[in-house]
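Since the structure comes first, as structure tokens, the remarks are kept for the end.
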């Protein structure tokens, strides 16, 4: 009896596989520029995405400028992307002396020959697990958020 059930299950799966379509339909292809920063001891993952059909319209690189308090240690950890990616850290914000909500300002810019929508997400911030910002390729996208700042990783009075 058990053999008959197994045989029927195999025949059913085989029959169903004959009627399955051979075409797969996927949505739009996306480019993702995904740099990672270390800010005050916290990892911040940033991802900017846009339709892959516009990758050839970008002249130069997608640039990420992270503004941090002038006494905070910040590093660029990685710069993966489907188009060239650059990053800079600007210590332009007032000195930070606490533990907790360390302010950060991100500006994402690119030189594109056409205007298309972009989406930037930040992961590793204190307000929410994931923050999302939409923007346009011909206008820099600015995002203000906070990260968990560890007072031990600021440069104190050295800067």
**Study point:** Computed over the range 62-143: relative contact order in percent, which uses C-alpha pairs under 8 Å that are six or more apart
**Key:** 30 percent
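Could you give the Stokes-Einstein D for the range 30-152 in µm² per second, using the C-alpha Kirkwood radius, 10 °C, 1.306 mPa s? Don't jump to the answer; show the numbers that get you there.
Working: Rh = 14.5 Å.
Calculated translational D: 109 µm²/s.
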Revision key, fill the gap. Per the rule of 0.36 nm per residue minus the C-alpha distance, extending residue 101 to residue 49 adds in nm 16.1 nm
Review point. Arranged from highest to lowest average of other beta-carbon atoms within 10 Å per residue, in what order do the peptides 135-141, 40-46 appear?
Key: 40-46, 135-141
Practice item. Using label points projected 7 Å from each Cα along Cα→Cβ, tell me how many nm separate residue 92 and residue 111, to one decimal. Key: 1.9 nm
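Coordinate-derived values only; no laboratory data. Computed from a prediction, not measured in an experiment: that's the story for all the values here. Note: ideal-geometry Cβ built from the backbone for every residue, glycine included; neighbour counts use all protein chains shown.
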